[in-house]
Amino acid sequence: MGVLDVVPAGVVDGKDVYKLFDYCRENHFAIPAFNVTSSSVANAAMEAARDAKSPVILQVSQGGAAFFAGKGLANDKQQASIAGAVAAANHVRAVAESYGIPVVLHSDHCAKKLLPWFDGMLEADEANFAKEGKPLFSSHMLDLSEETKEENIETCLKYLPRMAKIGVWLEMEIGITGGEEDGVNNENVDNASLYTQPEDIWDIYRQFSEVTPNFSIAAGFGNVHGVYKPGNVSLQPDLLRKHQDYVREQLKSDKELPVFLVFHGGSGSEKHEITTAVKNGVVKMNVDTDTQFAYLEGIRDFVLNKKDYLMSQVGNPEGADKPNKKQYDPRVWVREGEKTMSKRCKIAFEDLLSAGQL
């Protein structure tokens, strides 16, 4: 029994997203979510997932989606971010099945000020559902952790019925993730706000469950965006077990892990922290900072090693009339970035125990 016995290869949506995350939860592994900013980055992650025999989550941030569409486009009304997100989703949908892996298509952090971006993606989902019977994306995230808990929940509940109707999963955040990402700066927040309370998890679970079972919660347990040396961030993944226990007690259920949890700000985490988080019900972990650097490594090393072949179109150490096209062709050096990023992705699959799960 493996993942492909539960859900098919290609982009998963609707009930299959629940089936996939439930299989993760029951078998104690999580799926890494890689931020993609181009088709090249998306392909590198899918290649790594294929080789690791793992499902994968590909996600676009608001800024990453705008980059996918092209930095030359205006984005004053989130139009570039909407167009880029749709373009990224269509690309992944076109090729995912060929990689032979299940792919969850997701949009990352959407703060209150970015809700027009969220609206545009959801409208694209509804249009695709009307045409093909399935949404464009598998899931979306609303990150209203900077707002009051009441406003956070209320806003999510405004969107949840629309999303449930077309089978789109909702990820929400309660408790702030520190650091800075994509224009959301929480570098100076009160440390206490980095840790979510069990009562907050129950409030969300109780109200969301009345609408749909298709949601997950990114609960704060000291998470910080960015890259830090292992041990420099005070993560407390044991807190996640307290959330699960509290919800189970309220439900009077014998289900060990009733809540689908998400791990944000995982760069620089120690392996034992990741393992503990997964044991406590984390089914998705975001990986971005590390893979950004990994993508650079291949390109950087190629340029440094081939410097004398990249200074002109013609002329190199082999002769003044020797052409350099085989070196400066983007398909050559971009591919080097894909290869080093894929290697880093494979580490994430292994750390989260999703490798070999197909």
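The values are calculated or read from the model by the stated rules, or taken from the named source; none is laboratory data. Keep in mind that this is a model prediction, so the values were computed, not measured. Reconstructed Cβ throughout: ideal geometry from the backbone, glycine too, with neighbour counts over all protein chains shown. Just the protein is used for accessible areas: all its heavy atoms, side chains included, with ligands, DNA and RNA removed. Shrake-Rupley method; radii C 1.70, N 1.55, O 1.52, S 1.80 Å.
Hey, what did the range 1-153 get for relative contact order, percent, Cα under 8 Å, at least 6 apart?
Once normalised by length, the contact order is 27 percent.
Out of the total accessible area of the chain (probe 1.4 Å, heavy atoms of protein only), what percent is carbon and sulfur?
Ligands and nucleic acids excluded, carbon and sulfur reach 50 percent.
Whole number in Å², please: accessible area per residue of the range 54-125, 1.4 Å probe, ligands, DNA and RNA not counted.
35
Taking the Cα centre of the chain as the origin, how large is its charge dipole in debye, to the nearest 20, when only Lys and Arg (+1) and Asp and Glu (-1) carry charge on their Cβ atoms? Mind dumping the intermediate values first?
Details: 38 positive and 51 negative charges, 224 e Å.
It comes to approximately 1080 debye.
Over the heavy atoms of K271, what accessible area does a 1.4 Å probe trace out, to the nearest 10 Å²?
Surface accessible to solvent at K271 totals approximately 120 Å².
Round to a whole angstrom and tell me the spacing of the C-alpha centers of the range 147-175 and the range 53-74.
22
Put +1 on the Cβ of every Lys and Arg and -1 on every Asp and Glu Cβ in the chain; which of V17, S40, T212 then has its Cα farthest towards the positive end of the dipole?
About the Cα centre, the residue reaching furthest to the positive side is S40.
Let me see the pair-distance distribution of the range 273-330: every alpha carbon pair, 5 Å bin width, integer percents in order.
P(r) over the range 273-330, rounded to whole percents: 4, 16, 16, 12, 10, 8, 7, 6, 6, 6, 5, 3, 0.
What translational diffusion coefficient, in µm²/s and rounded to a whole number, does the Stokes-Einstein relation yield for the chain at 4 °C and a viscosity of 1.567 mPa s, taking the hydrodynamic radius as the Kirkwood radius over Cα pairs?
Value of D from the Cα-based Kirkwood radius: 62 µm²/s.
Under a GNM of the chain (C-alpha, springs under 10 Å), which listed residue has the highest mean-square fluctuation: V11, V247, V332?
Evaluated over the chain, the most mobile residue of the options is V332.
Considering only the other residues whose Cβ falls under 14 Å of the Cβ of P198, what net charge follows from Lys and Arg at +1 and Asp and Glu at -1?
Net of charged neighbours comes to -1.
With respect to the cross-link table entries K279/K339; K242/K343; K112/K158; K15/K284; K134/K284, which display a Cα-Cα separation exceeding 24 Å?
Distance filter (> 24 Å) returns K279/K339; K242/K343.
Simple spin-label model, 7 Å along Cα-to-Cβ: S40 to K242 in nm?
Placing both labels 7 Å beyond Cα along the Cβ direction yields 4.6 nm.
Given the options P116, P102, P323, state which has the largest fluctuation in a GNM of the chain using a 10 Å cut-off (strictly under) for Cα springs.
For the chain, modelled as a Gaussian network with Cα springs under 10 Å, the answer is P323.
Starting from the Cα of E256, step 7 Å toward the Cβ, then list every residue of the range 19-39 with an amide N under 12 Å from that point.
In the range 19-39, the label zone of E256 (backbone N under 12 Å from the point 7 Å along Cα→Cβ) covers 25-29.
From the protein chains alone at 1.4 Å, what is the descending order of accessible area for R300, R241, largest first?
Accessible-area ranking of R300, R241, largest first: R300, R241.
How high is the relative contact order of the chain, in percent, counting Cα pairs under 8 Å that sit 6 or more residues apart?
20
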